[in-house]
Amino acid sequence: MKMKMFVGKTVEEAMAMVRAEMGADAVILSTRDEEGRVEIRAAIERSFGHKFAAPKFAEVRPMFDETRSQLSSSLRWHGAPDSFVHIVAEAGGRLGAGLETLGSLAAGLEGVLTFNPLSPHQEKSILLVGPHGSGKTTAAAKIAMKLSDRNDPIEAVAADFDCSGQAARLAALMLKVSVTNAITHDHLLRLVKEADNKRRKLVIDAPPFNPLEAADMKRCSDLISRLNVEPVLVLAADGHPMDLEDNARAFAQVGCRRVILTRLDAVRRRGGAIAAISSSRLSIAQLGLTPSVGGGLVPASAMRIAQLLVAGSPEAELLKGAA
């Protein structure tokens, strides 16, 4: 099985690239059209440049059906909506037939999710945004303490405009007496400019924004537009799937392209949260699998999501290599 992302200015251009490299047997897993570019994720069930005898239908179909059935059952147990179950199970059954369930599910998830983990060397400072209780403050502490390069640290900053004690909580999580606290928009703007001038990076714990309030989201949009930062959504996995989908889409509209999914350790059925991210077209950056700051954030990948969705997977394995 081979999978690849093709990018063109139009659907026709991207499809021509798919056909030229993979041929007529390519399976289109997903398409994405935004900002003057089209992304197509495609796959093929044989290695490029090699010819194999086509397997007989009678040999392949039962294996495909069995794999698809296993994936569908697992995803439905996790509360994933039917549309998500169908797409992932079809892709996983076709591309992962004959593999163990974990590998088949990872193959299916590759077609509907994109992953873009945070790096210790970000191009811009990070502004963590999200609704109240999403885990932004804990995520900011984890990024500053676990993701930072020792020679190029990411400094944590609280944007406690509402004077709600956010700065004190962030300092406590980092075992510090205090952290830098921006008390106004202008103060935060100066801090970001100073960091840019010194080629330093910040992780900013923004105040919570209510995605149900238009005025609040306008305030969020205005803040993002004034700062030279990348807004990253922090979303807790323990909400209703439809609410999570609405929230993810609301923050995508104000400029978020990546999401950190938290509190995955606090829920057993995670399919709704994963499906909500898929429908919002956000890339998953990190996964929060423990409330402990010492546990860090795990870089997201199709295999790690598959492990979370396969019943009975030992979660201790997921924490290996956590940032």
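The values are calculated or read from the model by the stated rules, or taken from the named source; none is laboratory data. The structure displayed is predicted, hence computed values, not measured ones. Virtual Cβ from ideal backbone geometry, glycine too; neighbours counted across all protein chains shown.
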Modelled with pLDDT under 80 and not assigned by TED's automatic domain parsing to the domain that holds ASP238: which single residue out of GLY93, GLY79 fits that description? GLY93
If a residue has to be surrounded by fewer than 20 Cβ atoms within 10 Å (Cβ to Cβ) and within 19 Å of SER280 (Cβ to Cβ) to count, how many in region 113-130 make the cut? 3
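Yes/no per residue for (1) surrounded by 22 or more Cβ atoms within 10 Å (Cβ to Cβ); (2) farther than 21 Å from SER225 by Cβ; (3) outside the structural domain of GLY294 (by TED's automatic domain parsing); (4) touching an Asp or Glu at 6+ places or on another chain (Cβ under 9 Å):
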{"position": "ALA156", "(1), (2), (3), (4)": "yes, yes, no, yes"}
{"position": "ALA159", "(1), (2), (3), (4)": "yes, no, no, yes"}
{"position": "ALA168", "(1), (2), (3), (4)": "no, yes, no, yes"}
{"position": "ALA171", "(1), (2), (3), (4)": "no, yes, no, no"}
{"position": "MET174", "(1), (2), (3), (4)": "no, yes, no, no"}
{"position": "ALA182", "(1), (2), (3), (4)": "yes, no, no, yes"}
{"position": "ARG190", "(1), (2), (3), (4)": "no, no, no, no"}
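Tell me which residues, restricted to region 96-134, are polar (S, T, N, Q) and under 15 Å from the mean Cα position of the chain (by Cα).
THR114, ASN116, SER119, SER134
Residues are listed down the side, and each one gets a yes or a no for (1) closer than 18 Å to GLY133 by Cβ; (2) over 28 Å from the mean Cα position of the chain (by Cα); (3) at pLDDT 95 or above; (4) assigned to a helix (DSSP H, G or I):
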| position | (1), (2), (3), (4) |
| --- | --- |
| ASP160 | yes, no, no, no |
| ALA167 | yes, no, no, yes |
| VAL177 | no, yes, no, no |
| HIS187 | no, yes, yes, yes |
| ARG190 | no, yes, yes, yes |
| LYS193 | no, no, yes, yes |
| ARG199 | no, no, no, no |
| LEU202 | no, no, yes, no |
| LYS218 | no, no, yes, yes |
Whether any residue in region 237-247 is small (Gly, Ala, Ser) and closer than 16 Å to ALA80 by Cα is what I want to check. yes
Scanning region 271-288 for residues that are assigned to a loop (DSSP other than H, G, I, E, B) and modelled with pLDDT of 90 or more gives LEU282, GLY288
Spot the failing condition for ALA300; the list is (1) modelled with pLDDT of 85 or more; (2) farther than 30 Å from LYS176 by Cβ, and only one is missed. (2)
